[in-house]
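Okay, so here's the structure we're looking at.
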Amino acid sequence: MDSTTLNTSFMEKIDADLNIEPKDSMPEKYRTHLIRQISQHAHSEVIGMQPEGNWITRAPSLRAKQILLAKIQDEGGHGLYLYSAAETLGISREEMVEQLQSGKAKYSNIFNYPVLTWADIGAIGWLVDGAAIVNQVSLQRTSYGPYARAMFRICKEESFHQRQGYEIMANMMSGTPDQRQMAQDAMNRWWWPSLMMFGPHDSDSPRSGDAFTWKIKRKSNDELRQKFIDKTVQQAEVIGLSIPDADLAWNEERQCYDHGEINWEEFKRVINGNGPCNKQRIDHHINYHNEGAWVREAAEAYKNQLQEFK
Ligand code: BYC
């Protein structure tokens with residue numbers, strides 16, 4: 001099949017809103033675009049376990065500890081699910097892990113900030129998972145079948161994560177002045193990095209053109225960011241938290257909130273490996289990956305032995 005025929009049948013499916021499946025023909029650039037995005041998404045889930053994992057032993061009650069453990073376990077599951085979706089496009093887990101550890105592949109900016117107090121665990125669940133849901137609900141309609149299907153399950157679990165975070169914040173806001181202060185401080189530190197999770201402005205987003213042509217993206221970075229802001233401002237008001245943005249104001253005409261400018265210098269620094277915790281996160285991943293070598297070797301030996309018996 002020549003490339004024109006291939007692209008026509010591929011684009012016909014895209015135009016008809018049909019999913020592209022692993023064995024369908026697809027342009028090479030579509031395949032590599034998806035490998036980049038899905039593997040970065042998987043890395044984000046896996047690296048995202050680290051900042052929260054630090055708080056398992058310090059959770060303030062047995063109930064809080066159980067919930068946090070379950071949440072972190074979910075993130076690990078999301079990572080595995082997404083790595084499998086990327087593998088259907090012809091890349092191996094080993095290659096993806098190598099790209100993460102060498103710095104070739106990015107992961108979400110948000111996981112390069114320190115988690116200083118228990119209120120940060122609330123802020124992560126509420127804001128970070130809240131932002132992730134807004135993005136991922138839109139990805140439920142992405143054109144690649146295995147990625148779209150992964151999003152349905154992941155969004156269900158993220159909704160529970162978002163609520164556990166909001167519950168922590170609501171409890172702290174109905175507590176002592178020190179607890180309220182702690183919650184507001186977490187809000188102040190996590191608000192802006194959460195807005196950065198949606199990526200650069202549409203006008204500065206080099207990947208968006210292809211992503212829209214191929215219906216990988218259904219809504220733009222700025223549209224999704226706006227949606228997140230509008231719903232989160234109201235949730236903050238209900239529990240008495242203020243948004244750390246002096247320019248935030250309801251725009252009657254546009255029926256949404258205007259907001260201040262994001263610090264894009266900070267965003268670039270963090271996604272290019274120079275945020276407060278980038279080195280710590282990757283070093284930790286490398287150490288534990290190396291320590292787990294014996295598990296991979298044992299699984300390989302078991303597989304080989306099974307094949308011998310066949
Ligand atoms: N962080 O052209 P653009 C979670 C990069 S984890 C880092 O707009 P695109 C959770 C971008 O990759 C949820 N890098 O790109 C887990 C590109 O660089 P490359 C994670 C970012 O792809 C544990 C460059 O900037 N969610 O829920 O069209 C605990 C230009 O950007 C970021 C996903 O991964 C960023 N924030 O749009 C709790 C969602 N933003 O690759 C919670 C899936 C941009 O050319 N991904 N960059 O070197 C997406 O939807 C899209 O990839 C993005 C970016 C909207 C993130």
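For the range 25-157, averaging the sequence separation of C-alpha pairs within contact (under 8 Å, six or more residues apart) and dividing by the residue count gives a relative contact order of 30 percent. When the inverse distances between all different Cα atoms of the chain are averaged and flipped, the Kirkwood radius reads 20.9 angstrom. The accessible-area ordering, largest first, of the residues Phe212, Phe309, Phe267 stands as Phe309, Phe212, Phe267, per a 1.4 angstrom probe. Per-residue packing, averaged as other Cβ atoms within 10 Å, sorts the ranges 63-72, 165-174, 34-43 into the order 34-43, 165-174, 63-72, beginning with the highest. Full extension of the chain between Glu291 and Ser102 gives 66.3 nm of extra length, using 0.36 nm per residue less the Cα-Cα distance.
Backbone N atoms of the range 148-182 closer than 15 Å to the 7 Å Cα→Cβ label point of Val238 belong to residues 159-174. Taking every C-alpha pair closer than 8 Å and separated by at least 6 residues, the mean separation divided by the residue count of the chain gives a relative contact order of 19 percent.
So how do 242-255, 145-158 stack up, highest first, on mean other-Cβ count within 10 Å? Display every interim value, and only then the final one.
On the way: 242-255: 11.1, 145-158: 18.6.
Going by the mean number of other Cβ atoms within 10 Å, highest first, we get 145-158, 242-255.
Where the accessible area of the chain is counted over protein heavy atoms with a 1.4 Å probe, how much of it, in %, is carbon and sulfur? Write down the numbers at each step before the final one.
On the way: 8380 of 15820 Å².
Whole-percent figure for carbon plus sulfur exposure: 53.
Amide H contacts of Cys256 (H built 1.01 Å from N, in plane; Pro and chain starts excluded): Asn251 sit under 5 Å, all sequence-distant by 5 or more or on other chains. Measuring against 30 Å, Cα to Cα, the residue pairs Lys13/Lys268; Lys156/Lys231; Lys13/Lys303; Lys71/Lys217 contain Lys13/Lys268; Lys13/Lys303 as the ones spanning a longer distance. In a simple Cβ point-charge model (Lys, Arg +1; Asp, Glu -1; nothing else charged), the chain has a dipole of about 620 debye relative to its Cα centre.
Each Cα pair under 8 Å and six or more residues apart adds its sequence gap; the mean of these over the residue count of the range 77-153 is a relative contact order of 29 percent. The label point for Arg254 and the one for Glu300, both projected 7 Å from the Cα toward the Cβ, are 5.4 nm apart. How much accessible area per residue does the range 82-188 have, in Å², with a 1.4 Å probe? On a per-residue basis, the range 82-188 sits at 39 Å².
The values are calculated or read from the model by the stated rules, or taken from the named source; none is laboratory data. Nothing here was measured: the structure is a model prediction, and the numbers come from that model. Cβ atoms come from the backbone with ideal geometry, glycine included; neighbour counts cover every protein chain shown. We work out accessible area using only protein heavy atoms, side chains counted, and drop any ligands, DNA or RNA first. Shrake-Rupley method; radii C 1.70, N 1.55, O 1.52, S 1.80 Å.
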